[in-house]
Amino acid sequence: MPAIVGVAQVITLGNSSVFHIGDVYKIMPFATAKTFSGAGSFNTGEQVDVHNRLSSTNTNDPEVFDQGNFFNM
């Protein structure tokens, strides 16, 4: 269903980001990433209280290749 959209200000778009206004059939960003983080790394909000006594992040990755996005077209 068509819509009337007012002013949209885009400050920045990163690699493989998606900016969408209006109708869409399919959105498929093409990117892969691997993230290692410790306990409580991605907590957001007001008054977050995290107590981690011993925290370690296992970054040992013996695989040579991870699952890719070859057929995402």
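The values are calculated or read from the model by the stated rules, or taken from the named source; none is laboratory data. What you are looking at is a predicted structure, and each value in this text was computed from that prediction instead of being measured. With ideal geometry, Cβ positions are generated from the backbone for all residues, glycine too; neighbour counts draw on all protein chains shown. Just the protein is used for accessible areas: all its heavy atoms, side chains included, with ligands, DNA and RNA removed. Shrake-Rupley method; radii C 1.70, N 1.55, O 1.52, S 1.80 Å.
Here is how the numbers come out for the structure above:
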read-out	value
Condition check for residue 3: surrounded by 10 or more Cβ atoms within 10 Å (Cβ to Cβ), at pLDDT below 80 and assigned to a loop (DSSP other than H, G, I, E, B)	no
Hits in the range 6-34 (condition: open to solvent by 100 Å² or more (accessible area, probe 1.4 Å) and of a type in the set (Val, Ile, Thr))	7, 11, 12
Every residue from the range 37-68 that is open to solvent by 100 Å² or more (accessible area, probe 1.4 Å) and closer than 23 Å to residue 15 by Cβ	42, 44, 65, 67
